[in-house]
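The values are calculated or read from the model by the stated rules, or taken from the named source; none is laboratory data. From a predicted model like this one, the values you see are computed outputs, not experimental measurements. Here the Cβ positions follow ideal geometry from the backbone for every residue, glycine too, while neighbour counts run over all protein chains shown.
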Amino acid sequence: MFELPGGSEPVYRQLVTSIQRAIREGLYQPGDQLPTVRKVASSLLVNPNTVARAYRALEQDGVIETVVGRGSFVRDYREGPRRLQALIAESLAQLVAAGWTPSELEAWCVELIRTLDSGKD
């Protein structure tokens, strides 16, 4: 299931990080149902409200979708969550307004992606 790495970060944030890692590593695929709040709370020995808070944060970030009476499911990140797309578009518009050219932004984004990709090894 999920693990809490420990440290000074609040427990719900540790859980968010753990769930995101599990999804990134392919332990949970788009459409998969996450364990119930009670099950996670019981296995990690934390308050169910802490798990519910982590699930809410993941839902707000577009990582999961909760269906009342059915549970929480991993969203298909490849579809591009609308919130993330809006954030990126807003940021790019601000950079253009600050004087960046589209070609400069494109080069910067390509370099950033390469840097992120090289960190996977």
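Looking at the range 73-82, can you tell me whether even one residue there is at pLDDT 95 or above and of a type in the set (A, V, I, L, M, F, W, C)? For the range 73-82, residues at pLDDT 95 or above and of a type in the set (A, V, I, L, M, F, W, C): present. List the helices (runs of 4 or more DSSP H) that sit entirely inside the range 27-112 and contain at least 1 residues that are more than 15 Å from residue 2 (Cα to Cα) and touching a residue at least 24 places away in the same chain (Cβ under 8 Å). Of the helices (runs of 4 or more DSSP H) lying wholly inside the range 27-112, those with at least 1 residues that are more than 15 Å from residue 2 (Cα to Cα) and touching a residue at least 24 places away in the same chain (Cβ under 8 Å) span 48-60. Every condition in (1) closer than 28 Å to residue 6 by Cα; (2) at pLDDT 95 or above holds for residue 119 except the one numbered (2). The set of residues in the range 24-65 that are surrounded by 16 or more Cβ atoms within 10 Å (Cβ to Cβ) and hydroxyl-bearing (Ser, Thr, Tyr) comprises 28, 50, 55.
Has the range 96-104 got at least one residue that is touching a strand residue (DSSP E or B) at 6+ places or on another chain (Cβ under 9 Å) and either surrounded by 14 or more Cβ atoms within 10 Å (Cβ to Cβ) or at positive phi (or both)? No, the conditions are met nowhere in the range 96-104.
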